[in-house]
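Remarks on the structure that follows.
Bear in mind that the values in this text are calculations on the coordinates, not laboratory data. Worth saying up front: this structure is predicted, and the values here are computed from it rather than measured. When we count neighbours, we look across all protein chains shown, and the Cβ atoms used for this are built from the backbone with ideal geometry, even at glycine.
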Amino acid sequence: MKFTGVPFLTYHYSANSRFGFGGAIGGYSASGNLRVGDNTVGTFKERNYVAAVELDYHWIMREGFQLYSGAGFGVRFRNGTYETTESDTLNKVLPTFHLNAIGLRFGRRIGFFAELGAGYKGILSFGINGQF
């Protein structure tokens, strides 16, 4: 099975130094073999798009360093093509979630972040963000 990376664009607003909220949009693709038990019965290709609202809590918020946790929930739009003896295309709207157990951010206005969690952003997320 193959997965693309999971790029996301997020926006968060912090009303105070502890709590923040915002939204995230992103997507990914997956492809591979369809299996029943040990037998390959076909192939599949899926494109997934996610839109979610997110909440976070900052354990530590200092200039140049932040430690935080968070959660998000939303919908996943899945378009899949499944090839067996026939070809079938299915579209579904499914609930989705993400739990960010721990996140670290280093930097002032422009910074680097790394997050460990589970859900629509995967297990390990990292990137660049800005605070204005």
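From the Kirkwood radius over Cα pairs of segment 26-68, Stokes-Einstein at 25 °C and 0.890 mPa s returns a whole-number translational diffusion coefficient of 169 µm²/s. Our estimate of slack between ILE25 and ALA114, defined as 0.36 nm per intervening residue step minus the Cα-Cα distance, is 30.3 nm.
Its alpha carbons give segment 2-130 an Rg and a Dmax of 17.8, 59 Å. Of interest is the spacing of the C-alpha centroids, which for segment 73-115 and segment 1-29 amounts to 9 Å. Ordered by the number of other Cβ atoms lying within 10 Å of each residue's own Cβ, fewest first, HIS58, HIS12 fall into the sequence HIS12, HIS58.
Between the beta carbons of ARG47 and THR84, assuming R0 = 30 Å, the FRET efficiency works out to 0.95 to the nearest 0.05. Put in order of Cβ neighbour count within 10 Å, fewest first, the listed residues THR43, THR85 become THR85, THR43.
Distance between the pseudo-spin-label points of SER17 and MET61 (7 Å out from Cα toward the beta carbon): 0.8 nm.
For segment 88-132, the fraction of C-alpha pairs more than 15 angstrom apart is 56%.
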